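First comes the structure, then the notes that go with it.
The values are calculated or read from the model by the stated rules, or taken from the named source; none is laboratory data. Computed from a predicted structure; not experimentally measured. We place every Cβ from the backbone using ideal geometry, glycine too, and count neighbours over all the protein chains shown.
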């Protein structure tokens with residue numbers, strides 16, 4: 001089984017302590033659903049923009065935001081597909097695992113979703129590579145990284161996934177587990193293309209499943225994109241003989257601490273709003289209710305019919321779902337009869 005090699009340096013420990021402190025503030029802060037939706041949406045758009053930009057996607061943050069709203073933009077089909085695919089994966093993150101477990105099948109599915117209508121050969125989507133690839137400078141021809149042999153990919157991925165679901169990984173700090181997984185996945189380079197996007201999406205899924213980013217507020221991909229050279233340098237800092245990931249984890253944990261602190265400061269700013277004097281306590285919403293609020297936030301309203309279509313519910317089931325939000329004071333009804341619709345309260 002794969003066994004990661006690293007040392008908990010004072011820098012890593014300090015980053016983990018800072019992250020835990022900021023996360024405690026975030027978890028216990030006063031937030032109304034409208035703010036939660038805004039923070040999650042902002043992180044989703046930033047992550048989709050940054051992760052695809054790292055791979056050369058030319059779309060701006062504003063264009064990515066338009067695509068996230070379901071609007072069309074002037075861009076190539078491939079550029080739009082890369083962003084839309086990444087947005088879709090992040091939106092569906094809670095449903096991507098198999099009962100909370102990340103299997104090889106799950107990873108293949110993530111890659112398939114990310115590379116749909118993107119790769120030159122559709123047969124390469126969602127399957128391990130069947131030929132050798134190298135990473136290098138296309139202009140100079142200098143090879144900077146040569147991944148393991150193609151025949152070794154299934155074996156390496158099997159060992160890696162076995163570790164990921166082992167007691168050792170489950171008892172490790174989720175930030176470290178995500179960082180280790182990010183690097184090991186990139187090192188194996190199991191696919192013809194789309195390895196970086198898949199590695200970053202996988203790290204996000206790990207942080208979600210291990211209880212670190214259940215609200216999905218953190219734009220970690222934005223950290224990588226803010227200084228791409230540092231990102232590449234950190235990945236290349238690992239000695240391919242010893243595979244000691246200490247330097248990479250210094251970089252990774254610092255980024256998580258930095259992004260967590262940014263979210264903390266944003267939430268503290270929001271929580272000082274005058275509405276705090278009018279409402280007390282947190283309003284806890286289910287994942288389904290959050291999706292309803294997100295849809296209202298994008299479209300301005302929602303109807304019983306749309307809720308039925310979103311969750312495959314009966315008319316009675318959809319009405320029951322929306323009534324829960326009405327009782328919580330999150331949404332209110334407008335209109336009567338068949339023209340009734342629901343908006344944020």
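Here are some notes:
- Residues that are assigned to a loop (DSSP other than H, G, I, E, B) and loosely packed, with under 15 Cβ neighbours inside 10 Å do not occur anywhere in the stretch 25-42.
- Selected residue [surrounded by fewer than 17 Cβ atoms within 10 Å (Cβ to Cβ), without any contact (Cβ under 8 Å) to a residue 24 or more places away in the chain and over 15 Å from residue 202 (Cβ atoms)] from 98, 120: 120
- If you go through the stretch 75-103 and pick out every residue that is over 15 Å from the mean Cα position of the chain (by Cα) and at pLDDT 95 or above, you end up with 9.
- Odd one out for residue 106, checked against (1) buried (at least 18 other Cβ atoms within 10 Å of the Cβ); (2) within 18 Å of the chain's Cα centre (by Cα); (3) at pLDDT 95 or above: (1)
- Within the stretch 253-345, helices (runs of 4 or more DSSP H) holding 2 or more residues that are closer than 22 Å to residue 46 by Cα and modelled with pLDDT under 90: 287-299
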